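Enquirer: Just dropping this structure here.
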Amino acid sequence: MSFSGKPTTFVDQAIENDGFWPNLSLAEFQKGYRLPAEYLVDMLATDLTTAMIEVNTDLASLKARWSAVGVSSVESADPMVLPERTFQAATYKRAVYTRAKASLLTQFATVTRRESAENTGKELPERSETFLAFSQAAVRSLQGRGRITAALL
């Protein structure tokens, strides 16, 4: 149930990926990241697809490195080659889902302006920055990097 009293309808729709990274689920995204019912399904799917493409671009060199050692799909990789494949797939999904939520949170003010549905927590810029940081942390984890990087210039 949303703050407006509108029930959330979970949409069983798959977002096809490139075959290497796992496919995404709109219902999994809705359930795991508690999205308000006011969002239209098309908006959710569009932002999820955009986030997927952005994360795939960020991870292109990792994909090339893993492909070079024989990984053709993260989820079905040989456990001897990619021993933490389940964790890697879950971390990938976290990177995409949190990036999509960061984008959606910034758009909430344009979705509804009814006083009964107004919730400052959905609209604060800090919320989207937090979820974007979650996404970047997941991307860095997949790349084998820590939360921060220091370089001598």
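Enquirer: Net charge near ASP78, counting Lys/Arg +1 and Asp/Glu -1 over other residues with Cβ under 15 Å of its Cβ?
Expert: My count for the surroundings of ASP78 gives -1.
Enquirer: Ok, one more. Given H placed on each backbone N at 1.01 Å, which residues far from ILE15 in sequence or on other chains put an amide H within less than 5 Å of it?
Expert: Amide H neighbours of ILE15: LEU24, SER25, LEU26.
Enquirer: Region 9-115: which trypsin sites (Lys or Arg not before Pro) are DSSP loop and have at most 16 other beta-carbon atoms within 10 angstrom?
Expert: ARG34, ARG113, ARG114
Enquirer: At 7 Å along the Cα-to-beta-carbon direction for both GLU16 and LEU62, put a label point, then send me their distance in nm to one decimal.
Expert: It is 2.4 nm.
FYI, it's all coordinate maths here, none of it is from the lab. From a predicted model like this one, the values you see are computed outputs, not experimental measurements. Don't worry about glycine lacking a Cβ; one is built from the backbone with ideal geometry, like all the others, and counts go over all protein chains shown.
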